Each structure stands twice: as C-alpha cells, then as structure tokens.
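Trainee: Let me give you the structure first, and then I'll get to my questions.
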C-alpha cells in the first residue's frame with residue numbers, strides 16, 4: 001500500500017457525503033465556467049477585432065449617417081489601404097424572435113477587409129456579381145436551415161418593405177473567435193431602392209471601415225481622417241475596431257461586472273461547503289491521526305493526508321464540472337447564439353476552473369489539517385472508545 | 001522470570017502535571033524506574049493514578065515537566081516532536097485498548113502502515129508483514145478489513161502492527177480491556193510468547209489482575225507515586 005492511496009480510501013468512507021460535496025463542486029465549476037464563458041462571449045467582438053481596421057462613424061451618434069462622398073477622401077489619407085462602408089439594416093426574418101445581425105455593405109471591399117470570413121471562391125464571386133445576393137454566417141444558416149440558392153426575405157424596420165435576397169454564400173470563421181452569425185448583402189441594392197422612396201436618405205452610409213497598412217499608425221490615421229471632416233455638417237469619429245466594439249461592451253459593463261462577481265461568489269460558497277465537509281472529516285478522524293502519530297507519522301504526512309483528501313474531492317468535482325461545461329456551453333451557445341455569437345469555452349477558463357478547484361481544496365483543508373497536526377497524541381487518543 | 005540484563009528503560013525523577021482551569025493536577029511525582037531488557041512489566045493502579053501517563057512518557061507520545069526518560073540509551077526527553085516521531089517509528093510498538101486499526105485498510109495494510117516510514121522496499125515490507133501476521137496467527141486473514149474481524153482478531157492485528165518494525169519496547173495500554181475473557185487470554189498468551197520467545201520488552205498498563213499475572217514484575221501507582229519496590233504478580 002502506498003501512503004498516497006489513503007486519502008482516496010478516506011474520501012470514500014462516507015460515500016454520500018463525499019458524493020454530495022463532489023456534486024456541489026461540479027455544479028459550482030460548471031456554473032463558474034459558463035459564467036466566465038458568458039463574460040468572454042461578451043468581449044468576443046473586442047477580442048476578434050483586427051488591429052488593422054478602423055471604424056469611422058458620425059461623431060454625434062452611430063444612428064446618424066455619413067455621406068458616401070467621404071469614401072474617396074478617406075482613401076487618400078496616408079496609411080489607408082482600403083475603405084469599405086455599410087449600414088446597419090436591422091431587418092427581421094419572419095418574426096422578431098429570429099434576430100441576427102444584418103448589414104448592407106459594399107460587397108467586394110467588405111470581404112477584402114474581413115479575411116476571417118472564409119468563403120469559397122465561387123460563392124464569393126457569385127455574391128459580388130449579383131446585386132440581390134446575400135451571405136450568411138455558418139451558424140445563422142444552420143439555425144434556419146438555409147442552403148445556397150434559397151430566397152430569404154427580410155422585413156425592413158429602418159428601411160420599410162420586404163427585401164428579397166438570394167443566398168449566394170455561407171462563410172465560416174477562420175478562427176474560433178470569428179462571429180459566424182452575421183448576414184450581409186449589397187448596400188447598392190438598398191441605396192437604389194431608397195433613392196426612389198426616400199431620396200433624402202440616399203447615398204448615405206452608417207459607417208466606414210478603413211484598412212490601415214501599419215497597426216502602429218492607426219491613431220495617426222484616425223486623427224487624419226477626423227480632421228478631414230472637422231467643421232463639416234457630418235463630423236466623424238474614427239477609432240480602432242477594438243475601441244469601437246469596446247464602446248458597445250462598456251454600455252453593459254455593469255451587467256458583466258455582476259456576472260463576474262457572481263462567478264466568484266459561487267466559488268466562495270462551494271469553498272465554505274467543502275471546508276465544512278473537511279472539518280467534519282478531520283473531527284471524526286482526530287483519533288486516527290493520533291494513532292498514526294503514535295506510529296511515528298509526522299505532521300507533514302498527517303497534513304498531506306488531509307490536503308490529499310480535500311484535493312481529491314475538489315479536483316474530482318472540477319474534472320466532472322469541466323467535462324460537463326463543454327456540452328452545456330454548446331447547448332447554451334446554440335440557445336443564445338443571436339446575442340452571444342461566439343460562445344466558446346476558452347482555455348483560460350479551464351485554467352481558472354482548475355485554479356479555483358485547487359484553491360477550494362487547499363483552503364478547505366487548511367484548518368482541519370492544522371487541527372490534525374497540532375492535536376496532542378494523548379488528547380487525540382482520548383477521543384477513541 | 002525476572003532477569004539481570006541491564007535496563008533498557010531508565011526513568012529518573014519524572015514529574016508531570018496538567019492544568020485544568022486554574023487548578024494544577026499533579027499526575028506523576030518524582031518517578032524513578034528501571035526496566036530491564038526483555039522484561040514484562042505490568043503497571044497497575046486505580047483510574048487517574050497516572051499509569052497511562054507514565055506509559056505515554058515511556059512511549060514518547062507525551063512530554064514530562066521534569067525528569068528524564070532514556071530508552072535503549074537514547075534520552076527521549078531531549079528530542080523534538082519530529083525527533084520523537086522518528087524515534088517512535090523505529091523503537092516503540094504501541095498496543096491500544098481499542099485496537100485503533102484504520103478501518104479503510106485491510107489487516108495487511110494496517111500492519112504495513114508503520115513500515116511505510118522505513119526505507120524498506122515493497123518486497124521487504126511484504127515479507128515483514130507476512131511474518132508479523134504469521135506470529136499472531138492471522139496469515140490467512142490478511143485481506144480482511146477490521147470490520148470483518150472479531151475484537152480478539154483485531155487486537156492481534158494491532159499487535160502485529162506493533163511488532164512489525166521489531167521495536168525496542170512494546171507498550172500496551174489495557175490491551176485486554178475491550179475483550180471477552182477467551183479473547184483476553186488469547187492476547188495475553190500471545191504477549192507472553194512475544195516476551196519469552198522473541199525477548200520483547202513489554203510495558204503494560206492494566207486493571208486486570210489476570211493480565212498482570214502474566215507479567216514478571218507488577219508496579220503499582222497511587223496518586224502519581226510509584227510503590228517503593230516491585231511486587232511479584234498477584
């Protein structure tokens with residue numbers, strides 16, 4: 001028998017108590033992992049942002065448009081490699097419950113600026129050439145069972161009417177962090193119609209996307225772009241894509257902070273539960289520890305037994321919790337895909353799970369181990385009988 | 001069977017007291033005692049007379065207020081707690097009243113436990129455990145757990161555990177106190193055998209005159225004071 005086996009045997013003495021404690025840790029780790037993933041999903045747009053892309057919008061607010069004529073002026077700014085533009089379309093597919101982000105964009109330049117949207121060459125060409133064509137992300141296509149060639153009708157909310165589009169491409173993300181829930185089609189198609197129905201709104205875009213040669217010059221380029229339109233009727237605000245995405249997250253920062261706090265509170269609660277289990281365990285076995293000390297076992301070995309048992313319980317719960325986090329996250333991601341498009345369990349979350357389980361195991365065992373180590377043999381032996 | 005061998009345990013001017021609240025209870029007062037190598041000594045006395053405390057001091061599981069305990073030439077009074085733990089692992093076999101086996105370990109694993117503190121290989125440990133369980137006639141029960149053994153069998157496993165490191169002395173605190181008469185006789189017979197056949201020095205605390213009868217020397221403690229001279233067994 002190796003001494004290392006004793007913590008396992010000890011842990012299985014009270015199977016129900018140990019089982020319930022492991023179950024508690026499993027649930028806590030699962031909840032912690034999911035909440036951390038929610039927080040990360042919240043920031044996924046920020047994480048997925050490219051350092052070589054800038055976003056230019058109306059300085060007053062994103063809801064105010066910018067003239068299409070700005071495009072050529074922006075293109076001439078030193079350091080700019082390409083310019084694209086688009087408009088939040090806000091269309092509804094059948095019912096409002098079927099929400100997914102949809103944009104009218106300048107097709108060719110948009111795809112050039114987003115190389116992470118991986119589209120087969122044939123589909124790319126078909127999309128660019130057909131004014132009524134659209135492209136959907138893999139997740140949104142799977143969600144509605146769309147296939148290439150399907151006609152998709154969006155009900156316009158900002159731009160009234162039924163907008164008939166033909167699905168010409170389905171893109172996949174180049175990275176795990178790429179949003180695969182987007183839907184985009186030709187800005188020209190929308191603009192053409194607006195020109196007839198709302199001429200005052202024609203030739204206006206919601207935002208410009210600017211490709212820069214050197215990420216290190218992003219700030220200079222942004223300043224240069226904004227200075228071009230200073231004191232104009234539509235002043236611009238240019239920022240990195242990351243800062244642009246972050247501005248959305250900042251609006252909901254309080255919610256994210258609460259989620260983060262709750263995730264740590266869960267760990268604290270389970271730490272208290274595990275500490276209670278270990279305290280009961282050590283109290284029951286104080287006589288046995290005294291016997292082992294009588295046999296010559298030292299304080300370190302006794303402490304190792306208590307810590308070993310506690311860590312066995314917490315890490316078992318952690319392993320099961322991590323194993324369950326993946327299917328739970330997949331289910332949660334599918335259910336919340338429209339709002340949290342990138343819902344992947346990050347490796348850092350797993351490390352935090354393991355770290356949390358280690359902290360729970362060590363902290364829970366600290367006091368019981370101290371008691372077991374410091375109890376006088378004679379006092380411990382008196383507990384027996 | 002008293003012997004003329006040099007003392008293996010030398011106790012000099014040993015005193016011990018406990019504090020209960022503001023009251024100081026003197027448990028042992030100026031005890032001096034020699035125990036010869038291969039001796040079988042019984043310590044008797046009423047409850048609270050200090051006999052278990054004296055046994056604990058000899059076994060190095062408690063420390064005295066003053067005085068000296070030397071076992072096998074080692075002054076254990078001067079050892080640190082860690083030093084005492086190491087010393088106990090090699091030199092003392094302890095037999096408890098309630099056997100105190102670890103319930104999740106088999107008889108074999110319980111006996112093997114003290115050997116985990118030695119540098120013996122797995123094979124050597126198996127040989128030692130097999131021999132110890134053979135001595136106590138439990139070679140066929142080595143895979144049994146304590147709950148599957150009778151009280152007498154559990155105490156025999158405990159004796160094998162005390163014996164397995166071949167310690168300098170065996171100390172037994174009421175080894176028959178929790179056993180029926182037949183099992184008690186069996187255990188006492190085994191202890192006598194250990195003393196006679198294997199030359200083990202045994203210090204036993206007991207209330208039981210029949211147990212004391214097996215010892216070569218019986219010493220009585222009364223209110224922490226040892227009787228003037230050793231008496232022959234009752």
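Rule-based calculations on the coordinates, nothing more; no lab input. On a predicted model such as this, the values are computed, not experimentally measured, just so you know. Every residue, glycine among them, receives a Cβ derived from its backbone with ideal geometry; neighbour counts consider all protein chains shown.
Trainee: Only Cα pairs within less than 10 Å get springs; with that Gaussian network setup on chain A, which residue of A:115, A:341, A:368 has the largest fluctuation?
Mentor: Maximum fluctuation in the GNM of chain A, among the listed residues, is at A:115.
Trainee: Kindly express, to the nearest 10 degrees and within the range 0 to 90, the angle between helix B:122-135's C-alpha long axis and the longest C-alpha principal axis of chain B.
Mentor: Taking the Cα atoms of chain B, the angle to B:122-135 is about 70 degrees.
Trainee: Give me the inter-chain shielding for B:97-110: mean count of other chain Cβ atoms within 10 Å, whole number please.
Mentor: The shielding value for this peptide is 4.
Trainee: What is the protein assembly as shown by shape, rounded, prolate or oblate, if you read a ≥ b ≥ c off the alpha carbon gyration tensor as root eigenvalues and call it rounded for a/c under 1.5, prolate for a/b larger than b/c, and oblate otherwise?
Mentor: prolate
Trainee: Something else about it: Using a 10 Å cut-off around each Cβ, can you sort A:370, A:187 from fewest to most neighbouring Cβ atoms?
Mentor: Listing A:370, A:187 from fewest to most nearby Cβ atoms yields A:370, A:187.
Trainee: Indicate, rounded to the nearest 5 percent, the antiparallel portion of the DSSP beta bridges found entirely in chain B.
Mentor: Among the beta bridges of chain B, antiparallel pairing accounts for roughly 55 percent.
Trainee: Could you work out, residue by residue across A:44-54, how many beta carbons of other chains sit within 10 Å of that residue's beta carbon, and then give the average as an integer?
Mentor: The mean count of partner-chain Cβ atoms within 10 Å per residue comes to 0.
Trainee: Counting partner chain Cβ atoms within 10 Å of every residue's Cβ in A:292-305, what's the average?
Mentor: Counting other chains' Cβ atoms within 10 Å and averaging over A:292-305 gives 6.
Trainee: Between residue A:64 and residue B:81, with labels modelled 7 Å along Cα→Cβ, what's the label distance in nm to one decimal, could you check?
Mentor: 7.4
Trainee: Would you mind calculating the relative contact order of region A:60-234 from Cα pairs under 8 angstrom and at least 6 residues apart, reporting the percent as a whole number?
Mentor: 34
Trainee: Fewest Cβ neighbours within 10 Å first, please rank B:227, B:186 accordingly.
Mentor: Ranked by crowding around the Cβ, least crowded first: B:227, B:186.
Trainee: For chain B, find the longest principal axis of its Cα atoms and tell me its angle to the long axis of helix B:151-163, 0 to 90°, nearest 10.
Mentor: Approximately 80 degrees, to the nearest ten.
Trainee: Give the distance, in whole Å, between the Cα centre of region A:32-51 and the Cα centre of region A:341-385.
Mentor: So the separation of the two Cα centres works out to 30 Å.
Trainee: Please list B:198-211, A:71-84 highest first by mean number of surrounding beta-carbon atoms within 10 Å per residue.
Mentor: B:198-211, A:71-84
Trainee: Sort A:91-97, A:278-284, A:316-322 by the packing proxy (mean of other Cβ within 10 Å over each peptide's residues), most packed first.
Mentor: A:316-322, A:278-284, A:91-97
Trainee: Would you please put A:129-135, A:290-296 in order of how densely packed they are, using the mean number of other Cβ atoms within 10 angstrom per residue and starting with the highest?
Mentor: A:290-296, A:129-135
Trainee: Please state the shape class of region B:127-197: rounded when a/c is under 1.5, otherwise prolate if a/b exceeds b/c and oblate if not, all from the C-alpha gyration tensor.
Mentor: Since a/c reaches 1.5 but b/c is at least a/b, the shape of region B:127-197 is classed as oblate.
Trainee: What is the angle, in °, between the Cα long axis of helix B:81-91 and the longest principal axis of the Cα atoms in chain B? Nearest 10 is fine, range 0 to 90.
Mentor: Rounded to the nearest ten degrees, it is 60.
Trainee: What whole-number distance in Å separates the alpha-carbon centres of region A:217-294 and region A:83-110?
Mentor: 30
Trainee: When DSSP beta bridges are limited to those with both residues in the protein assembly as shown, what percentage is antiparallel, rounded to the nearest 5?
Mentor: 65
Trainee: Turning to a different aspect of this structure: Once you have a ≥ b ≥ c as the square roots of the Cα gyration tensor eigenvalues for region A:60-234, tell me rounded if a/c is under 1.5, and otherwise prolate or oblate according to whether a/b is larger than b/c.
Mentor: The shape class here is oblate.
Trainee: Distance between the C-alpha centers of region B:110-158 and region B:19-42? Whole Å please.
Mentor: 31
Trainee: I need A:32, A:64, A:103 ordered by Cβ neighbour count within 10 Å, fewest first.
Mentor: Least to most surrounded, the residues fall as A:64, A:103, A:32.
Trainee: Compute the length gained on full extension between residue A:276 and residue A:76: take 0.36 nm times their separation in residues and subtract their Cα-Cα distance, giving the result in nm to one decimal.
Mentor: Extending this stretch completely gives an extra 65.2 nm.
Trainee: Antiparallel versus total DSSP beta bridges in region A:60-234: what percent is that, nearest 5?
Mentor: In region A:60-234, approximately 75 percent of DSSP beta bridges are antiparallel ones.
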